[in-house]
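The values are calculated or read from the model by the stated rules, or taken from the named source; none is laboratory data. Bear in mind the structure is a predicted one, so any value in this text is a computation, not a measurement. All Cβ positions, even for glycine, are placed from backbone atoms using ideal geometry, and neighbour counts span all protein chains on display.
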Amino acid sequence: DAGVIQSPRHEVTEMGQEVTLRCKPISGHNSLFWYRQTMMRGLELLIYFNNNVPIDDSGMPEDRFSAKMPNASFSTLKIQPSEPRDSAVYFCASSLESGPLDTEAFFGQGTRLTVV
Amino acid sequence: QKEVEQNSGPLSVPEGAIASLNCTYSDRGSQSFFWYRQYSGKSPELIMFIYSNGDKEDGRFTAQLNKASQYVSLLIRDSQPSDSATYLCAVINSGYSTLTFGKGTMLLVSP
């Protein structure tokens, strides 16, 4: 398996523009996570899907952020409008969740977002 | 607010020494604990996980868990320069199957 695939790897956009980040989880995995990493705040969970259903979106910063998982092999994270403070590395991770102890998350390579 | 605390470092050790990385967590209901390694500019990768109190060894790595003290540690024996990275402690939150990460400890192993 190719692992978790994210695109694009790098994104530079102007403030106010819409940004869409994409993720393909590992085939067969039933849980998907979007994380944001900054020096100041570390790795923060934004949203968690299980079987394509959003379970916990309490980490989504505000209404400018939205995430979808239309099927088991694809998810998007959208920011509209983008702001400079959204600049960060966004990671997608997936796992095969079979019980409360099993959450070995495999991370994609991340998308480095810069909003100018 | 469920928190995972780590010393940011850097922790500097000479090659061949034992590196000791520590982590505390606030959610007493947490059951599973993970150590991830992240090289600069790369994504986190799992090193070890531990569920039960005590020690768990895997090669040069030993994870230690003390649930009463809400404390997890990672020992790296015979440290190598290639071990230089940021080590992230992660905890599964009670109630959900999501990971809360600490901010990580940077480890520097000098030749």
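Step by step: first the residues of the stretch B:65-101, then only those that are assigned to a loop (DSSP other than H, G, I, E, B), away from chain A (no Cβ under 14 Å) and surrounded by 14 or more Cβ atoms within 10 Å (Cβ to Cβ), then the one that is modelled with the lowest pLDDT. Which residue is that? By that ranking, first place goes to B:70. Please determine whether any residue of the stretch B:45-59 is over 23 Å from residue A:46 (Cα atoms), touching a residue at least 12 places away in the same chain (Cβ under 8 Å) and at the interface with another protein chain (Cβ under 9 Å from one of its Cβ atoms). Looking through the stretch B:45-59, at least one residue is over 23 Å from residue A:46 (Cα atoms), touching a residue at least 12 places away in the same chain (Cβ under 8 Å) and at the interface with another protein chain (Cβ under 9 Å from one of its Cβ atoms). For the stretch B:70-83, the set of residues classified as among the polar types (S, T, N, Q) and touching a residue at least 40 places away in the same chain (Cβ under 8 Å) consists of B:70, B:73, B:79, B:80, listed by residue number. Among residues of the stretch A:1-19 that are surrounded by 14 or more Cβ atoms within 10 Å (Cβ to Cβ), those with a beta-carbon under 6 Å from a residue that is aromatic (Phe, Trp, Tyr) at least six positions away or on a different chain give the pairs A:4/A:106. With the condition kept exactly as written, say whether any residue in the stretch A:24-31 is in a strand (DSSP E or B) and not polar (S, T, N, Q). Yes, the stretch A:24-31 contains a residue that is in a strand (DSSP E or B) and not polar (S, T, N, Q). In the stretch A:82-95, the condition of being touching a Lys or Arg at 6+ places or on another chain (Cβ under 7 Å), closer than 30 Å to residue B:6 by Cα, surrounded by 13 or more Cβ atoms within 10 Å (Cβ to Cβ) and charged (D, E, K, R) is met by no residue.
The residue pairs whose first member lies in the stretch B:20-42 and is touching a residue at least 60 places away in the same chain (Cβ under 8 Å) and within 11 Å of residue B:88 (Cβ to Cβ), whose second member is part of a loop (DSSP other than H, G, I, E, B) and among the charged types (D, E, K, R), and whose beta carbons are closer than 8 Å, counting only pairs six or more residues apart or on different chains, are B:34/A:104.
Table: residues versus (1) within 14 Å of another protein chain (Cβ to nearest Cβ); (2) within 12 Å of the chain's Cα centre (by Cα).
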| position | (1), (2) |
| --- | --- |
| B:11 | no, no |
| B:24 | no, yes |
| B:34 | yes, yes |
| B:39 | yes, no |
| B:42 | yes, no |
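Within the option set B:91, B:72, B:109, being closer than 18 Å to residue B:6 by Cβ and touching a helix residue (DSSP H, G or I) at 6+ places or on another chain (Cβ under 6 Å) holds for one residue only, B:109. Restricting the search to strands (runs of 3 or more DSSP E) fully inside the stretch A:56-116 and requiring at least 1 residues that are within 14 Å of chain B (Cβ to nearest Cβ), out of contact with any His (no Cβ under 6 Å at 6 or more places or on another chain) and not small (Gly, Ala, Ser) gives A:88-95, A:111-115.
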